[in-house]
Amino acid sequence: MSIEVRHVTKKFGTFTAVQDVSLQIPTGELVALLGPSGSGKTTLLRIIAGLEVPDSGSILFDGEDATSRSVRERKVGFVFQHYALFRNMTVFENIAFGLRVRPRKRRPTSHEIRDRVDRLLQLVQLEWLADRYPSQLSGGQRQRIALARALAVEPKVLLLDEPFGALDARVRQELRRWLRRLHDNLHITGVFVTHDQEEALEVADQVVVTNHGQIIQVGTPEEVYHRPASPFVYNFLGKVNLFHARVEGGKVYVGGIQMPLPEDAHPDATTAKVYVRPHHFDLHHQPEGKGHFRARVLHINPAGPQVKVELETEWGEAVHAEIPDERYRQLKLEKGDEVYVTLKDEKVFIDASEKPDSNPT
Amino acid sequence: MTSPIIAEPAAKASRTITEPPLVKWMLIAIALAFLALVLLVPLVVVFDQAFEKGIEVYFAAIREPDALSAIRLTLLTAAIVVPLNLIFGLAASWCIAKFDFVGKNILTAIIDLPFAVSPVISGLVFVLLFGARGIFGPWLIAHDFRIIFAFPGIVLATVFVTFPLVARELIPLMQAHGIEEEEAAISLGARGWQTFRRVTLPNIKWALLYGVILCNARAMGEFGAVSVVSGHLRGLTNTMPLHVEILYNEYNSVAAFAVASLLAMLAIVTLIAKRLVEWKTHRPFQAADSIRQEED
């Protein structure tokens, strides 16, 4: 089932949670709503589910207006952030709930319910937990039971609110891949909310980046990561160093590094903000002939495949760089070293759209 | 003087453990002596006095028509008041815990009003409203409907006094539970009633029962407010506590204590029931076991 959000606005008192948002979600896709907390992503998800009523705008399912349909009538599967399992029921009864509350005519027989629940328990690989209570499960298990419960009513749309938010890092990694595989097998439209960019980029077909109740960018993970629409998106999708660079003769300078001025730059711009990811830097003991700036090594963290190096530039700014482990061994880098910093590639993000006087730095 | 000493060991357990044994035993002795003096001795005296002239006199005092009528009136009042306040308490705590609306804080504060007002005052308020010279008095007289010095007045006053007991038990619990489980239930297709019966009620039932027990005990034992509105008409508007007072004022202390012993027994049963419910609430798995869902 496809979902369309048309000019939806939702306010809570004076706070605008969602502001004139429009969005298309094609059938069968898994879409991530990505944004910092308070960006309105959860509210948008709840509006799609029918748990919140928008102040204006409409929600369309398969092209049909569903705005006035109640939660019950929308037939969406909703997985809550804290799972909201029924604490007074066993895992089995939790999953069976959606079937048991159907009107008598559409309610499956006890036998059918048992079969269906057993199959769902197999799907989430937790058959042996059928008789446990939610309080006896781990976070990851609760999450999967919540998912099974939502799937029991065979929804056309699956909505997940911060599905991995309350889990520890390892379980999160595992469940992410599992959710992706599950989605590929089930072919239902899925929307999940997250504030974790890694999660969004790894799991989703489409990433919708939100901030302050508005959609900033929609695209595939590759698009939003490599062609961010704004400094916010660039910032949000990974670790970033910010430089306040000077603009001279149509070029942007960060120390001795020279970069072309972007096309959308303000004609009178004298300064620009340059965003560089830590792994786009390279470090050298000698000048390399291309543009560089000098810096001093303050701290090195060599644990992991990428070695994290804290630097202080010649003009006193802190810079965070990451270089591959081999490169680090090759350089024999040590604390206190003076190094020459160059850029590996041109994938930096330059924002020179501000007027000169609005940015005194 | 004594109550801080009782509170001490619980609040500062780590320190009291290191106290010399003598101090520890002295504190316990003081606490027990205090309990015996204020709680246990009066209870024993009630029964002692009730049976002073033998078991026959005791039962005669209870079986006397006025006493029977007082017992019947008290039971009837409780039978009407408890369900009323059960429904009200559920509705109020449901709407306070699960919804946001204008005036919610005012409603929450008003629920506590009966606790803040002296029962005698609440009785008087009803007299001022419905009494012969009260605001609605002339209208009621014209329609030949008695509230004050009649059964409806007793019910009204008791409802007022026991008003917060159920709601006060439920509100904190329901607020702590939040509304996610209910939202999950409706997103799975459950209707309002199904959500209430299968999700909300099982989560609050022990607290609800606890509130009902307290409400019942208070409804049967209420003196002040009922005393003002009832008019003390023997055999007509005398509840058990009022009947005890009348008998005592007539120097018929055996009969007074006999009826009082019934109320004391009610108190003991209430305490036991309360303990049982508390014990149940702390064993959620067992609680959950007993309410396995069945077909509609």
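Note that the stretch B:254-262 has calculated 3J(HN,Hα) couplings of 4, 4, 4, 6, 4, 5, 4, 5, 4 Hz, one per residue in order, obtained from phi through the Karplus relation 6.51 cos²θ - 1.76 cosθ + 1.60 (θ = phi - 60°); glycine and proline are x. Counting only the Cα atoms, the stretch A:259-348 fills a convex hull of 106 Å³ per residue. Once backbone amide H atoms are built at 1.01 Å from N, A:Arg87 has no partners under 5 Å, excluding neighbours fewer than 5 places away on the same chain. Using C-alpha pairs under 8 Å with a sequence gap of at least 6, the mean separation divided by the residue count of chain A gives a relative contact order of 16 percent. In a simple Cβ point-charge model (Lys, Arg +1; Asp, Glu -1; nothing else charged), the stretch B:43-114 has a dipole of about 340 debye relative to its Cα centre. Scalar couplings 3J(HN,Hα) for the stretch A:63-79, obtained by applying the Karplus form with A = 6.51, B = -1.76, C = 1.60 to θ = phi - 60°, are x, 9, 5, 10, 4, 8, 6, 6, 3, 4, 6, 6, 6, 9, x, 10, 10 Hz; x denotes Gly and Pro.
With all projection directions averaged, the alpha carbon convex hull of chain A covers 22.6 nm². The stretch A:284-357 and the stretch B:92-154 have Cα centres lying 76 Å from one another. With springs only between Cα atoms under 10 Å, which of A:Val79, A:Val193, A:Val319 fluctuates most in a Gaussian network model of chain A? Highest fluctuation among the options: A:Val319. For the residues of A:71-82, the average number of beta carbons from a partner chain within 10 Å of their own beta carbon is 3. Each of A:Asn185, A:Gly98, B:Pro119 was placed along the dipole of the protein assembly as shown (beta-carbon charges, centred on the mean Cα), and the one lying farthest toward the positive end is B:Pro119. Per-residue ellipticity at 222 nm computed for chain B from its helices equals -24000 deg cm²/dmol, with DSSP H segments shorter than 4 residues left out and the rest contributing -39,500 (n - 2.57).
Summarising the amide proton neighbourhood of A:Arg277: residues at separation of 5 or more, or on other chains, whose placed amide H is nearer than 5 Å comprise A:Asn241. Per-peptide packing, taken as the mean over residues of other Cβ atoms within 10 Å, places B:168-177, B:197-206 in the sequence B:197-206, B:168-177 from highest down. Assign one of three labels to the stretch A:160-200, namely rounded, prolate or oblate, based on the Cα gyration tensor with a ≥ b ≥ c the square roots of its eigenvalues; rounded applies when a/c is under 1.5, prolate when it is not and a/b is larger than b/c, and oblate otherwise. Since a/c reaches 1.5 but b/c is at least a/b, the shape of the stretch A:160-200 is classed as oblate.
Remark on the stretch A:162-226: ratio of C-alpha radius of gyration to 2.2 N^0.38 Å is 1.13. Peptide B:189-202 is shielded by partner chain Cβ atoms: per residue, an average of 4 of them sit within 10 Å of its Cβ. When restricted to Cα atoms, the stretch B:93-198 yields an Rg and a Dmax of 19.2, 57 Å, respectively. Computed from the alpha carbon atoms alone, the convex hull of the stretch B:47-94 holds 85 Å³ per residue.
Using bins of 10 Å that start at zero, the share of Cα-Cα pairs per bin across chain B amounts to 6, 20, 25, 24, 18, 6, 1, 0, in whole %. Our summary of shape: the Cα atoms of the stretch B:114-170 have principal axis extents of 41, 17, 14 Å, ordered from largest down, in whole angstrom. Placing +1 on the Cβ of every Lys and Arg and -1 on the Cβ of every Asp and Glu, with nothing else charged, gives chain B a dipole about its Cα centre of roughly 180 debye.
Projection of the Cα convex hull of the stretch A:19-107, averaged over all directions and equal to a quarter of that hull's surface, yields 7.9 nm².
In this structure the amide hydrogen of A:Leu158, modeled in the peptide plane, comes within under 5 Å of the amide hydrogens of A:Gly77, A:Thr189, A:Gly190, A:Val191, none closer than 5 places in sequence on its chain. Taking the alpha carbon gyration tensor of the stretch A:1-156, multiplying each eigenvalue by 5 and rooting it gives semi-axes of 31, 18, 14 Å, largest first. Here is how the number arises for chain A: DSSP H runs of 4 or more residues each give -39500 (n - 2.57), the sum is divided by the residue count, and the result at 222 nm is -7500 deg cm²/dmol. Peptide A:93-103 shows a mean partner chain C-beta count of 5 within 10 Å per residue C-beta. If R0 is 30 Å, the Cβ-Cβ spacing of A:Thr14 and B:Ala176 corresponds to a FRET efficiency of close to 0.60.
What is the distance in Å between the Cα centres of the stretch A:112-168 and the stretch A:248-266? With the stretch A:112-168 and the stretch A:248-266 each reduced to a Cα centre, they are spaced 53 Å.
Rg and Dmax, both from the Cα atoms of the stretch A:203-300 and both in Å, are 16.2, 48. For the stretch A:200-258, report the translational diffusion coefficient in µm²/s to the nearest whole number, using Stokes-Einstein at 4 °C, 1.567 mPa s, and a Kirkwood Rh over Cα pairs. In µm²/s, the coefficient is 98. Highest-first packing order for the peptide set B:145-151, B:135-141 is B:145-151, B:135-141, based on the mean count of other beta carbon atoms within 10 Å. Checked against a 28 Å cut-off, the cross-linked pairs A:Lys273/A:Lys344; A:Lys75/B:Lys104; A:Lys10/A:Lys75; A:Lys41/A:Lys156; A:Lys10/A:Lys105; A:Lys156/B:Lys104 give Cα-Cα distances beyond that limit for A:Lys75/B:Lys104; A:Lys10/A:Lys105; A:Lys156/B:Lys104. Three principal axis extents of the stretch A:1-64 based on alpha-carbon atoms, in descending order, are 35, 24, 18 Å. Put the Cα centre of the stretch B:199-231 next to the Cα centre of the stretch A:25-44 and the gap is 48 Å.
By the equivalent-ellipsoid construction on the alpha carbon gyration tensor, the protein assembly as shown comes out with semi-axes of 69, 31, 27 Å, ordered largest to smallest. With distances taken between every two different alpha-carbon atoms, the stretch B:155-240 has a Kirkwood hydrodynamic radius of 15.2 Å. Pop the C-beta distance of B:Asp66 and B:Arg275 into the FRET formula with R0 = 30 Å and round what comes out to the nearest 0.05. E between B:Asp66 and B:Arg275, to the nearest 0.05, is 0.30.
The numbers here are math on the coordinates, done by the rules we state, and not lab data. Worth saying up front: this structure is predicted, and the values here are computed from it rather than measured. Ideal geometry is used to build each Cβ from the backbone, glycine not excepted, and the neighbour counts take in all protein chains shown.
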